[in-house]
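Q: One structure coming up, written as structure tokens, with questions to follow.
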């Protein structure tokens, strides 16, 4: 298992899509606070900047890893790399888990670049004016990591099912863009869908920004749902990978 993880981490490090997406996010994190400090904002508030980042970062959580899923996971099937890995003597369960862990790690890195990078650069440009509360900042970072991993487990399942980078990217972006709207419409008419949506990572990923105003039971729900989602979709992915014919 350790060798598989090292191998996947090495591939992630060398993956061109991962490096390009990471670089793009870093550039945005560095330039956005600078532009905000130059144009129209005399006294840049780091706390206000951090809160605005959290809301926008939801798109990074849901969309950017879709691209990585296509190029880092699905492309291995079309290129024949997965066939070599599957015939290496390692069990398919270990192969899938190692890929899921490393892919989730990549998604977590994407999810943290803007909150940490923008807050850091914003603090420098604003001379540390009105910094966010440390406890709140830490909570947001932890929840961001949990939801990034949960979304990654969903993406990994579909990337395994489609095995084609183009189809995987197109399908995942379509699903992650439309899911909220479709489920909201169904939830307004059918109670079951309302319950499912209210307890989904898609809905709750918008809620942890208000963690300071939530009761303990709501915070517990925010924490347990992404963990359960990661486990469930991880198991579904393992089952799909075990039954899949790899060519």
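The values are calculated or read from the model by the stated rules, or taken from the named source; none is laboratory data. Note that the structure is predicted; figures quoted are calculated from it, not measured. No Cβ is skipped: glycine too gets one built from the backbone with ideal geometry, and neighbour counts run over all protein chains shown.
Per-residue answers, yes or no, for (1) modelled with pLDDT of 85 or more; (2) part of a helix (DSSP H, G or I); (3) closer than 22 Å to residue 150 by Cα:
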{"position": "36", "(1), (2), (3)": "no, yes, no"}
{"position": "41", "(1), (2), (3)": "no, no, no"}
{"position": "44", "(1), (2), (3)": "no, no, no"}
{"position": "49", "(1), (2), (3)": "no, yes, no"}
{"position": "52", "(1), (2), (3)": "no, yes, no"}
{"position": "55", "(1), (2), (3)": "no, yes, yes"}
{"position": "66", "(1), (2), (3)": "yes, yes, yes"}
{"position": "70", "(1), (2), (3)": "yes, yes, yes"}
{"position": "75", "(1), (2), (3)": "no, yes, yes"}
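Q: In segment 83-113, which residues are free of Cβ contacts under 8 Å to residues at least 40 places away in the same chain and either over 22 Å from residue 57 (Cβ atoms) or buried (at least 21 other Cβ atoms within 10 Å of the Cβ) (or both)? So that I can check it myself, show each step before the final result.
A: Of all residues in segment 83-113, those free of Cβ contacts under 8 Å to residues at least 40 places away in the same chain come to 84-85, 87-89, 91, 112.
Those that are free of Cβ contacts under 8 Å to residues at least 40 places away in the same chain and either over 22 Å from residue 57 (Cβ atoms) or buried (at least 21 other Cβ atoms within 10 Å of the Cβ) (or both): 84, 85, 87, 88, 89, 91.
Q: Determine, yes or no, whether residue 31 is at pLDDT below 90, farther than 23 Å from residue 151 by Cβ and in contact with a helix residue (DSSP H, G or I) (Cβ under 8 Å, 6 or more places away or on another chain). Quick ask: steps written out before the conclusion?
A: Values: at pLDDT below 90: yes; farther than 23 Å from residue 151 by Cβ: yes; in contact with a helix residue (DSSP H, G or I) (Cβ under 8 Å, 6 or more places away or on another chain): no.
No.
Q: Can you tell me which residue is modelled with the lowest pLDDT among those in segment 84-138 that are under 25 Å from residue 52 (Cβ atoms) and in a loop (DSSP other than H, G, I, E, B)?
A: Among residues in segment 84-138 that are under 25 Å from residue 52 (Cβ atoms) and in a loop (DSSP other than H, G, I, E, B), the one modelled with the lowest pLDDT is 126.
Q: Looking at 203, 167, can you tell me which residue is part of a helix (DSSP H, G or I) and closer than 26 Å to residue 48 by Cα?
A: So the residue among 203, 167 that is part of a helix (DSSP H, G or I) and closer than 26 Å to residue 48 by Cα is 203.
Q: Now for a separate question. Report whether or not residue 220 is part of a helix (DSSP H, G or I) and within 30 Å of residue 78 (Cβ to Cβ).
A: Spelling it out, it is not the case that residue 220 is part of a helix (DSSP H, G or I) and within 30 Å of residue 78 (Cβ to Cβ).
Q: With the condition kept exactly as written, say whether any residue in segment 139-158 is surrounded by 15 or more Cβ atoms within 10 Å (Cβ to Cβ), more than 16 Å from the chain's Cα centre (by Cα) and part of a helix (DSSP H, G or I).
A: yes
Q: Among 171, 208, 162, which is the only one that is closer than 22 Å to residue 112 by Cβ and surrounded by 17 or more Cβ atoms within 10 Å (Cβ to Cβ)? I'd like the intermediate steps shown before the answer.
A: On the way: 171 fails: closer than 22 Å to residue 112 by Cβ; 162 fails: closer than 22 Å to residue 112 by Cβ.
None of the other options fit; the residue is 208.
Q: Which one of these does residue 231 not meet: (1) surrounded by 14 or more Cβ atoms within 10 Å (Cβ to Cβ); (2) assigned to a helix (DSSP H, G or I)?
A: So residue 231 meets the others, but not (1).
Q: Looking at 80, 122 in this structure, which one is surrounded by fewer than 18 Cβ atoms within 10 Å (Cβ to Cβ) and either touching a residue at least 12 places away in the same chain (Cβ under 8 Å) or on the phi > 0 side of the Ramachandran plot (or both)? Even if it seems obvious, please write down each step before you answer.
A: Working: 122 fails: surrounded by fewer than 18 Cβ atoms within 10 Å (Cβ to Cβ).
Result: 80 is the single residue among 80, 122 that is surrounded by fewer than 18 Cβ atoms within 10 Å (Cβ to Cβ) and either touching a residue at least 12 places away in the same chain (Cβ under 8 Å) or on the phi > 0 side of the Ramachandran plot (or both).
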